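No value in this document is a laboratory result; all are computed from the given coordinates. These numbers come from a predicted model, not from an experiment. Virtual Cβ from ideal backbone geometry, glycine too; neighbours counted across all protein chains shown.
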Amino acid sequence: MNTRSKAAALLMTFALSVGLLAGCSSNNNGENSKAANNTGTANTSTNAGAETEDLSPVTFSFFAEDPNPNWNNMQDEVSKEITKKTGVTLDAEFAVGDPAQKVALMAASGQYPDIISAKGDIGKLVDAGGVIDLTDLINKYAPNIKRVLGPYLSRAKYTTEDQSIYAIPTWAAVDEQRFVAGGGFELQHRVVKEAGYPQIRTVQDYEKAIKDYLAKHPTDENGNKNIGVSLNADDWHIQISVTNPAVATTGGSDDGEYWVDQDTFEAKYHFRRPEEKEYFRWLNHMNAEGLLDPESFVQKYDQYKAKVASGRVLGLIDQDWDYNDGQQALKSAGKLDQTYGHYPVTLSEDFKETSFWPTGFMGGYGISISSTAKDPVRIIKFLDFLASDEGQILNNWGIEGKHYVMEDGKRVVPQEVQDRINNDNTAFTKETGIGFYWNMMVHYGDGAKDSTGNYYTKNNPEMIPTGYSDVEKETLKAYDATIWKDLFPKEDEFKVKAYGAAWNIQIPGEDEVAVLGNKMKDITWKRVPEAILAKPENFDKVWEAYQQDLIKAGVEKMEKGYTKYVQDRVALWSADSGQ
């Protein structure tokens with residue numbers, strides 16, 4: 001699933017910067033303006049009526065559920081430019097631990113920041129009256145947001161019954177062609193090279209490459225034990241590294257905690273699928289064979305990243321934004337053969353890996369303005385600047401003459417800048433701020449071009465290989481590929497999902513579906529590790545107890561309720577001209 005982010009997916013430009021940010025609040029006068037231009041990639045002015053814009057200094061408080069460890073209090077180069085253009089500074093806070101608890105505390109106390117990025121927990125704030133309907137503000141003050149979203153603006157509506165816009169969709173990109181394969185199963189380049197670059201298609205192929213390498217190299221050069229596969233199960237990361245892959249390896253699309261029938265749109269809690277039981281049985285087998293890191297379910301996130309940075313972990317099952325800090329440390333140390341490639345692994349060749357299953361424009365997660373925000377008009381104008389071509393290029397490329405140059409009408413990253421991105425990305429990101437505003441801004445996606453014929457983002461077929469090391473290029477060449485996506489099933493092998501992605505359907509916080517979902521999560525986060533760590537002969541017994549726990553807790557009622565939300569979204573979008 002993409003619960004966090006994606007994100008995750010979510011959360012990087014070509015430089016793999018971690019994204020952020022949110023909106024602000026207040027009432028708006030109900031006068032709507034005429035629809036703005038919504039042509040796909042046409043340029044537009046930064047702000048309507050820019051000659052009279054208020055650029056006086058103002059600070060807005062902001063909370064985001066996702067972390068940004070590189071946030072530099074808007075002292076980075078891009079943020080300073082944004083402040084120069086808008087007068088806005090953000091006093092930002094990022095969730096530590098379970099972000100849902102922070103959002104619940106806000107809702108209970110009535111104390112809100114001006115701008116909030118609450119993602120799947122927005123329902124709690126809607127129920128508490130903590131965020132406002134942005135429809136009129138968008139119509140009156142946000143021509144760039146309207147232009148970019150165009151016919152997809154209707155997908156920002158909350159539910160069939162309540163068609164207010166409480167969050168401007170910023171996690172989904174418009175006109176996106178995805179080129180980056182940041183997930184799948186990861187193997188260090190030295191592992192596949194020593195094995196002669198074998199096919200890595202099934203969990204058996206993946207296991208064999210790791211097992212064979214460990215047999216020859218049980219320790220690193222310092223005598224420390226090498227690790228076959230390490231999982232990141234700290235808090236919500238368990239969904240990214242442990243449970244989501246059960247769906248992807250068994251032919252299911254990325255729909256969060258559910259599997260959705262693509263014909264009937266009926267939702268099932270995906271852990272109840274028999275195919276996934278077999279995936280977890282394989283992890284149980286990996287543990288029994290000594291190929292799974294025994295600390296997988298007790299280590300903290302920082303420990304996981306440090307372990308990756310040590311170079312001892314041969315394989316990962318994760319998204320690159322989740323382990324990138326560790327990989328960047330390897331790059332900085334020159335240990336390029338210990339960085340990772342991405343492979344479309346499934347349980348067997350009967351299944352097709354689904355990372356590139358298209359969703360269309362999803363709507364869903366985005367930026368909200370709180371009901372206590374001090375100047376919602378100023379905030380919506382700030383968000384509208386970010387949605388402008390100027391704002392998008394600034395966030396994705398940086399500052400002209402410093403982070404990129406124009407050559408023959410084309411944006412080009414100088415080699416010395418690219419070298420910093422490749423070899424010292426963490427420091428570069430913190431210094432420049434490139435990519436920081438990705439999940440705060442309405443934006444075009446990878447592959448979309450502006451009116452000058454240049455790509456909005458660096459994630460395009462021309463530029464992606466410039467970020468690869470020679471070792472990475474050597475691995476790709478061995479597999480007759482140019483970018484990692486070349487190894488994965490393509491979008492046109494799947495039917496576009498009529499509901500986008502189930503993980504970003506907004507569920508009211510007090511709805512029984514949400515309450516039951518929390519119960520299932522608690523059971524799953526306890527029982528799945530239990531099953532993986534059990535003796536193989538006890539696996540079936542533990543799994544059956546887990547399934548019975550789900551039934552007793554009301555999983556069937558939850559599935560029925562969630563099915564209605566999926567089907568309602570299909571109905572809501574059915575008249576959408578962008579469908």
In nm², the average projected area of the convex hull spanned by the Cα atoms of region 99-173 is 5.3 nm²
Its Cα gyration tensor gives region 75-128 an equivalent ellipsoid whose semi-axes in whole Å, largest first, are 27, 12, 9
The summed charge of the Leu292 Cβ neighbourhood (under 12 Å; Lys/Arg +1, Asp/Glu -1) stands at -3
Answer in debye to the nearest 20: the dipole magnitude of the chain about its Cα centre, from +1 Lys/Arg and -1 Asp/Glu charges placed on Cβ, is 180 debye
Region 482-515 scanned against label point 7 Å out from Ala571 along Cα→C-beta; backbone N under 13 Å for none
Rounded to 0.05, the calculated FRET efficiency for the beta carbons of Ala427 and Asp220 at R₀ = 35 Å is 0.85
FRET efficiency (Ala288, Asp98; Cβ distance; R0 35 Å; to 0.05) is 0.65
Dimensionless Rg/Rh of region 361-466, both radii on Cα and Rh by Kirkwood, sits at 1.01
With +1 at each Lys and Arg Cβ and -1 at each Asp and Glu Cβ, the charge dipole magnitude of region 507-573 around its Cα centre, to the nearest 20 debye, comes out at 40 debye
Those trypsin sites (Lys or Arg not before Pro) from region 428-476 that are DSSP loop and have at most 16 other Cβ neighbours within 10 Å turn out to be none
Protection proxy (average C-beta count within 10 Å per residue), highest first, orders 293-303, 374-384 as 374-384, 293-303
From the Cα centre of region 439-480 to that of region 507-569, the distance in Å is 38 Å
For region 95-179, the dipole about the Cα centre with charges only on Cβ (Lys and Arg +1, Asp and Glu -1), to the nearest 20 debye, works out at 260 debye
Here the gain from full extension of Lys80 to Asp470, 0.36 nm per residue of separation minus their alpha-carbon distance, amounts to 136.9 nm
Those helices of the chain passing the 24 Å axial Cα length cut-off and the mean Kyte-Doolittle cut-off of 0.0 (DSSP H runs only) are 512-533
Here, Thr89 and Lys449, labelled 7 Å along Cα→Cβ, have an inter-label distance in nm of 4.1 nm
Cross-link reach from Lys208 to lysines, straight Cα distance under 18 Å and at least 8 residues apart if same chain, gives Lys193, Lys216
At the level of C-alpha centres, the distance separating region 126-184 and region 290-323, in angstrom, is 35 Å
Quarter of the surface of the C-alpha convex hull for region 248-397, i.e. direction-averaged projected area in nm², equals 14.4 nm²
The aspartates and glutamates whose Cα lies under 13 Å from the Cα of Lys140, excluding any fewer than 8 residues away in the same chain, are Glu31, Asp384
Cα extents of region 507-573 along the principal axes, largest first, in whole Å, come to 48, 21, 17
Two pseudo-spin positions, 7 Å from Cα along C-beta at Ala108 and at Lys535, lie apart in nanometres by 4.3 nm
Sorting Thr159, Trp438, Gln328 by the position of each Cα along the dipole of the chain (Lys, Arg +1; Asp, Glu -1; all at Cβ), the one nearest the positive end of that ordering is Thr159
Only helices counted: for the chain, with every DSSP H run of 4 or more residues adding -39500 (n - 2.57) and the sum spread over all residues, [θ] at 222 nm is -10500 deg cm²/dmol
Of the listed links Lys225/Lys352; Lys410/Lys473; Lys102/Lys535; Lys277/Lys552; Lys146/Lys519; Lys84/Lys449, those spanning more than 28 angstrom between alpha carbons are Lys225/Lys352; Lys102/Lys535; Lys146/Lys519
